[in-house]
Amino acid sequence: MAQMQESNEEQQFFSDLNTRLTDIEEKQRLLKDRVILIGRNLIEEREKTFNDVQELRKSLIRLEIETKGIKELLQRVLEQLDNTARKEELSILQRQFDLFRKG
């Protein structure tokens with residue numbers, strides 16, 4: 001009888017051990033699946049971020065080119081404004097011309 005009880009205890013021990021092993025294997029499988037999902041998400045986010053950065057770089061280059069063009073245009077306009085007579089200067093010249101013509 002003692003031997004039978006010992007045999008039952010051994011069977012119970014091995015059954016518990018087998019159940020624990022199965023639980024550990026299941027947890028390990030779930031962790032593996034989670035790590036794979038996290039890895040995929042990380043790769044996708046990295047690619048998305050990389051593409052976003054590339055687009056931002058392109059936009060920045062475009063903006064720099066446009067800004068440079070606007071600066072050059074403004075510089076030319078300012079140069080032309082410096083070379084053209086102002087309205088007041090023209091009216092003064094017109095009055096002087098009228099004085100010479102009348103005089």
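The values are calculated or read from the model by the stated rules, or taken from the named source; none is laboratory data. Source: prediction; values computed, not measured. Here the Cβ is made from the backbone with ideal geometry for all residues, glycine too, and neighbour counts use every protein chain on show.
Quick look at the values:
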{"read-out": "Matching option when the condition is basic (K, R) and over 36 Å from the mean Cα position of the chain (by Cα), among R95, R62, R57", "value": "R95"}
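Matching residues to (1) modelled with pLDDT of 95 or more; (2) of a type in the set (V, I, T); (3) in contact with a helix residue (DSSP H, G or I) (Cβ under 6 Å, 6 or more places away or on another chain):
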position	(1), (2), (3)
T49	yes, yes, no
Q54	yes, no, no
I65	yes, yes, no
Q94	no, no, no
D98	no, no, no
R101	no, no, no
